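Okay, structure first, notes after.
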Amino acid sequence: LLIGGDWNEWIYKGLAILLIGCPCALVISTPAAIAAGLATGARRGLLMKGGAVLEGFRRITAVAFDKTGTLTAGRPVVTDIMAYGRDERTVLALAAALEQGSSHPLAMAILDRAKADGAPVPPALAAKAISGKGVEGSVGGVAVFLGSGPAVGERADMTQVQRLAVDSLNGQGKTVSVLVADGVVAGLIAMRDEPRPDAAAGIAALKAEGIRTIMLTGDNRRTAEAIAASLGIEARAELLPQDKQRIIGELQREGLKIAKVGDGINDAPAIAAADIGIAMGGGTDVALETADAAILHGRVMDVARMVRLSRAVMANIGQNISVALGLKAVFLVTTILGITGLWPAILADTGATVLVTANAMRLLRWRG
């Protein structure tokens, strides 16, 4: 106008430029893709607490798994009962008495075996769980403890024969709980929990994505190594909950972005410490509340699917931003040069918004 231009012409161009500068498509490029990604994940049993968690999965470089109920089916069965100074039925009854009311998979296996064998289960007094070690209480006036071999060492001395029996059972991939009654080892109960059908494939899928996999378990070393060898995963065994949390911190200090997958109370500290905590669908309320994401169908493969979904969403966001900025840039230049006018600018603005939305909606058809 200062150089004598036509008022109507420049008002027209100004409106076109103003319309081109409207960032509608750019503004919705990210939330549309995030919303579609979260909806797609939810339909497939992959629940994530918000867009930040969904975005965070693409940065994961290592995944730490619990063993029981996560990599394994969580339905162990009692395979062996060995009694010392008592009969097997009494050993089973004392162990079942301590485990009454527990939802731990190993406890359920003992209770199921006692029910199947018709073993009478007496009440236990002052029964309490000792995190990462076992459970103790009083049964019929007898002080009883049921737990792992290392924890038993604090309460009773095991004979060489008993140690060899434990080692032999562990070497078969079985978890052994040792029963102590009045300060004396009374028996051994061995249980085996088979890996989930898709566990090996799930681990392989994560490795294919360039992600390191680690198994953190409170189980003994030989049992852990037997399971790990069958799945192709690194194993760290005989860990207390605080040990798992410490290892997560060590891995983070190495520069790794860690996701921790678990289903029990013992996993909660490590899940909270990880960059992303993941709870298996059948896990405890504590694990589910602490976690950032949950796998409802309990499939190990779904961890890799979460990573792939995150990467697909972020790629979609990049496409949306490119489309939005690209169209705006082209029509901004053509409008300034007088090649296009107001109506093409309107179509470009609306078209960019439609294209971005349609591209984000493609995520709803994602199959992983």
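Since every read-out is calculated from the coordinates, none of them should be taken as a lab result. Since this is a predicted model, take the numbers as computed values, not measurements. Cβ coordinates were reconstructed from backbone atoms using ideal geometry, including for glycine residues, and neighbour counts include every protein chain displayed.
Odds and ends about this structure:
- Sites SER131 and ALA315, calculated FRET efficiency, Cβ-Cβ separation with R0 25 Å, nearest 0.05: 0.05
- When the trypsin sites (Lys or Arg not before Pro) in region 248-327 are filtered for DSSP coil states and for at most 13 other beta-carbon atoms within 10 Å of their beta-carbon, no site remains.
- Integer Hz, Karplus 6.51/-1.76/1.60 couplings in order for region 68-85, x for Gly and Pro: 5, x, 10, 7, 9, 5, x, 10, x, 10, 6, 10, 9, 10, 10, 10, 10, x
- Fraction of beta bridges assigned by DSSP in the chain that are antiparallel (%, nearest 5): 65
- Sorted ascending by nearby beta carbons within 10 Å, beginning with the fewest, GLU88, GLU254 become GLU254, GLU88.
- Gyration tensor (alpha-carbon) shape descriptor, region 77-192, a/c threshold 1.5: rounded
- Given (i) 29.3, 111; (ii) 26.0, 86; (iii) 25.3, 101, the label whose value is Rg and Dmax of the Cα atoms in Å derived from this model: (i)
- Length gained on full extension, VAL161 to ARG75: 28.1 nm, using 0.36 nm per residue less the C-alpha separation.
- Efficiency of FRET between ASP112 and LEU240 - r from beta-carbon atoms, R0 35 angstrom, step 0.05: 0.85
- Other-chain or far-sequence residues with amide H under 5 Å of THR213's (modelled H): VAL63, GLU234
- Rounded if a/c under 1.5, otherwise prolate or oblate - region 196-253, Cα gyration tensor axes: oblate
- For ILE17, ILE60, ILE189, the sequence from fewest to most other C-beta atoms within 10 Å is ILE17, ILE60, ILE189.
- Candidate lysines for bridging to LYS67, where Cα separation is under 30 Å - those fewer than 8 sequence places away on the same chain excluded: LYS49, LYS115, LYS128, LYS133, LYS174, LYS207, LYS244, LYS257, LYS260
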